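Participant: Shown below is the structure under consideration.
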Amino acid sequence: MPHLQSAPKTAQDFWDRIRDLYTAILQHPFNEELRKGTLDRERFLFYIQQDALYLIDYGKALALLAARAESPTRMRDFIRFASGIFTVEEAMHRIYFTEYGVKDPTQIKSPACFAYTNFLLATVSLRSYEEGVAAILPCFWVYREVGLSIHRSAVKPNPYERWIETYAGKEFGEATERAIEALEEALMSASESTRQQMLEAFITSTRLEWLFWDSAYRMEGWKP
């Protein structure tokens, strides 16, 4: 479990605190089987339907951060991030939905999706701007690293190649770098207590990333 004794000073400090979590994500059966091309189709279908629901609220979180940002550069970045979600990633979902014959994707969030999106929206709305920036970053940073890692060793041909190419691609990588720069900028003027709260938000989102993949692998539903 990551320790929270000292407040981070750089973006790299954030990543260093979630290395074990990142390893757990990379080694999760969902991602291992996706890399091998053996992931059950129904599990992947569950995942992309939940991801489509997640991205709607993630886009709202990014738009809220744009409204709270004081820098015009960061305002434009967060608006572009939100716009990109509904072009690149949503297009990928549509391709898979068409391929799988899904006409009416589910509108019911899994418990993990519900927990993650509500955490993000609550954080960007009710906590500091700095914490909001930290909370939204794992969706960029973790996905880029997972995408690149899988891309390096993925079996080819792979039925999930579009997913792999999206997150290992140049466009997503550049967006990730801008999101990391936003974190670095926020750190510059943040107090030690704020930096600690930023770290906690970053770790929580990373844990929820793991939970999202785990939920998809188990095709988790609500109980009762």
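Participant: Using the Karplus curve 6.51 cos²θ - 1.76 cosθ + 1.60 with θ = phi - 60°, work out ³J(HN,Hα) for each residue of segment 69-82 in order, rounded to whole Hz, and write x for Gly and Pro.
Facilitator: For segment 69-82, the Karplus curve yields 5, 8, 7, x, 4, 5, 4, 5, 4, 5, 5, 5, 4, 4 Hz.
Participant: Need one number: nm distance between label points at Met188 and Arg80, each 7 Å from Cα along Cα→Cβ, rounded to one decimal.
Facilitator: Going from the Met188 label point to the Arg80 one covers 1.8 nm.
Participant: Of the labelled options (i) 8, 34, 38, 17, 3, 0; (ii) 7, 26, 28, 21, 12, 5, 1, 0; (iii) 7, 32, 32, 18, 9, 2, 0, which one gives P(r) over Cα pairs in 10 Å bins from 0, in percent as computed for this structure?
Facilitator: Read-out taken from this structure: (i).
Participant: Once phi is turned into θ = phi - 60°, what whole-Hz ³J(HN,Hα) does the Karplus curve with 6.51, -1.76 and 1.60 give for every residue of segment 208-224, x standing for Gly and Pro?
Facilitator: 5, 4, 4, 5, 5, 5, 5, 4, 5, 5, 8, 6, 5, x, 7, 10, x
Participant: Follow-up. Grab the DSSP H runs of the chain that are 4 residues or longer, score each as -39,500 (n - 2.57), total them, divide by all residues and round the 222 nm result to the nearest 500 deg cm²/dmol.
Facilitator: Theoretical 222 nm ellipticity from helices: -25000 deg cm²/dmol.
Participant: Over the chain, what relative contact order in percent results from Cα pairs under 8 Å that are six or more residues apart?
Facilitator: Contact order relative to length: 36 percent.
Participant: Give me a comma-separated list of calculated 3J(HN,Hα) values for segment 21-28, in order, Karplus coefficients 6.51, -1.76, 1.60 applied at θ = phi - 60°, integers in Hz, x for any Gly or Pro.
Facilitator: Taking θ as phi minus 60°, the curve returns 5, 4, 4, 5, 5, 4, 8, 5 Hz for segment 21-28.
Participant: Suppose R0 equals 22 Å; then what is the FRET efficiency for Thr23 and Glu165 from their Cβ-Cβ distance, rounded to the nearest 0.05?
Facilitator: Step by step, r from the Cβ atoms, then E = 0.40.
Participant: Once the Cα atoms of helix 111-126 and of the chain are each reduced to a long axis, what angle between those two axes, in degrees from 0 to 90 to the nearest 10, is obtained?
Facilitator: Roughly 20 degrees between the two axes.
Participant: On to the next question. Quick one: putting +1 on the C-beta of Lys and Arg, -1 on the C-beta of Asp and Glu, what dipole do you get for segment 1-135 around its Cα centre, in Debye to the nearest 20?
Facilitator: The calculated dipole for segment 1-135 is roughly 200 debye.
Rule-based calculations on the coordinates, nothing more; no lab input. Since we're looking at a predicted model, the values are computed, not measured. Glycine gets a Cβ as well: all are built from the backbone with ideal geometry, and neighbour counts include every protein chain shown.
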